[in-house]
Amino acid sequence: MTNAGRRLEPGFYMHQDLMVGDWFQTGGIKVTEAHVVNFAGLAGDFFDLHMDDAAAEELGFAERLAHGLLVLSLVDGLKNRAPVRLDAVASLGWDWRFSAPVLIGDRIAARVCVAEARRTRRADRGVVKLAFEVTNQAGTKVQEGTNTLMMRRRVAG
Amino acid sequence: MSAGILPVAVGDGVQLSKTLTETDIALFTALSGDFDPIHLDEHYARRSAFGRRIAHGLLAMALLSGTAAKMSAKARDKGFAGTSLSLGYDRVRFVHPVFIGDTLTATYVIEALDEPKWRSIAHAEVRNHDGTLCVVSQHLMTWRQP
């Protein structure tokens with residue numbers, strides 16, 4: 001991901017305020033055991049690597065792994081709480097890769113870049129595709145992908 | 001165990017069902033920090049196009065994590081001694097809203113194998129009790145020998 005575009009200042013952005021290449025950095029969050037246990041209960045995913053220290057150790061991990069979709073949910077929250085606020089109507093979808101494991105105790109943060117922007121048939125709606133790169137405390141890329149958002153547009157008059 | 005080198009075969013499937021409750025919304029809000037009023041404010045949501053609160057899309061999708069784990073457990077039951085690791089999801093689409101009280105069924109079916117890369121590709125979807133498709137995606141998993 002390049003830094004070629006504008007770095008967005010904190011503020012509120014409607015669809016026409018964004019250009020392809022614009023980017024911002026989210027805050028960070030520490031992935032805790034509480035996150036993992038709660039997500040296991042919500043998802044019905046009690047896979048050994050998330051719940052059992054010994055199983056994680058056996059595969060060479062120092063700690064239990066966070067569920068991939070848990071990390072995505074945390075990243076979605078980082079996006080929603082970022083100082084760059086996007087006037088989104090709905091999340092239309094994701095394409096997402098779990099590139100490297102996230103362990104309990106890791107700190108993650110994301111860089112978000114506007115990869116595509118297009119109008120829709122409705123004058124007051126536009127679509128953007130945001131590209132994410134999620135890194136841990138060591139700077140290792142752990143997840144990446146895109147989120148397509150329906151956003152509001154300011155309409156004259 | 002299937003004839004191939006992978007512990008799963010095309011057509012293998014698992015399902016997981018649960019009724020989505022208000023508690024689920026509260027717990028997921030605590031995880032994601034997504035306080036959008038469409039999920040949390042009944043009076044705001046009543047005036048929206050949905051007419052009531054809707055679940056976070058990623059909360060409805062979370063059940064797919066459970067089905068992937070169930071597929072892995074099924075492989076283990078058949079004698080697979082290694083482990084599976086989730087690589088990601090493609091073309092996740094939220095096509096219908098999920099409401100509090102909906103009973104969701106997640107279905108996970110292996111639709112292709114990439115044996116040289118030790119990968120399986122699955123169709124993974126969530127439907128409500130009326131059979132309406134709510135979340136659809138493709139899941140990629142890798143299988144590791146012990």
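The values are calculated or read from the model by the stated rules, or taken from the named source; none is laboratory data. A quick note: this is a predicted structure, and the numbers were derived from the prediction, not measured. Note: ideal-geometry Cβ built from the backbone for every residue, glycine included; neighbour counts use all protein chains shown. For the accessible areas, the whole protein counts, side chains as well, though only heavy atoms, and no ligand, DNA or RNA atoms are used. Shrake-Rupley method; radii C 1.70, N 1.55, O 1.52, S 1.80 Å.
Some notes on this structure:
- Within segment A:1-19, the residues that satisfy the criterion of being among the hydrophobic types (A, V, I, L, M, F, W, C), open to solvent by 90 Å² or more (accessible area, probe 1.4 Å) and at pLDDT 95 or above are A:12, A:19.
- In segment B:70-83, the residue that is farthest from the other protein chains (Cβ to nearest Cβ) out of those that are assigned to a helix (DSSP H, G or I) and open to solvent by less than 10 Å² (accessible area, probe 1.4 Å) is B:75.
- Residue tally, condition at the interface with another protein chain (Cβ under 8 Å from one of its Cβ atoms) and not in a helix (DSSP H, G or I), over segment A:50-98: 11
- Of the criteria (1) at the interface with another protein chain (Cβ under 7 Å from one of its Cβ atoms); (2) among the hydrophobic types (A, V, I, L, M, F, W, C); (3) free of Cβ contacts under 8 Å to residues at least 60 places away in the same chain, which one residue B:16 fails: (3)
- Number of the condition not met by residue B:140 [criteria: (1) without any contact (Cβ under 8 Å) to a residue 40 or more places away in the chain; (2) part of a strand (DSSP E or B)]: (1)
- Boolean, residue B:44 is among the aromatic types (Phe, Trp, Tyr), more than 9 Å from chain A (Cβ to nearest Cβ) and over 17 Å from residue B:132 (Cβ atoms): yes
- Segment A:100-109, residues that are surrounded by fewer than 18 Cβ atoms within 10 Å (Cβ to Cβ) and either within 12 Å of chain B (Cβ to nearest Cβ) or farther than 16 Å from residue A:26 by Cβ (or both): A:100, A:103, A:105
- Answer from B:65, B:86 - the residue that is over 21 Å from residue B:27 (Cα atoms), modelled with pLDDT of 95 or more, surrounded by 21 or more Cβ atoms within 10 Å (Cβ to Cβ) and within 8 Å of another protein chain (Cβ to nearest Cβ): B:86
- The test for being more than 8 Å from chain B (Cβ to nearest Cβ), of a type in the set (Lys, Arg) and out of contact with any helix residue (DSSP H, G or I) (no Cβ under 7 Å at 6 or more places or on another chain) holds for residue A:121.
- Within segment A:147-157, the residues that satisfy the criterion of being open to solvent by 30 Å² or more (accessible area, probe 1.4 Å) and touching a residue at least 40 places away in the same chain (Cβ under 8 Å) are A:150, A:152, A:153, A:154.
- Restricting attention to segment B:89-101 and to residues that are not aromatic (Phe, Trp, Tyr) and not in a loop (DSSP other than H, G, I, E, B), the residue that is least open to solvent (accessible area, probe 1.4 Å) turns out to be B:92.
- Top-ranked residue in segment B:32-62 [being surrounded by 13 or more Cβ atoms within 10 Å (Cβ to Cβ) and small (Gly, Ala, Ser); ranked as farthest from residue A:70 (Cα to Cα)]: B:48
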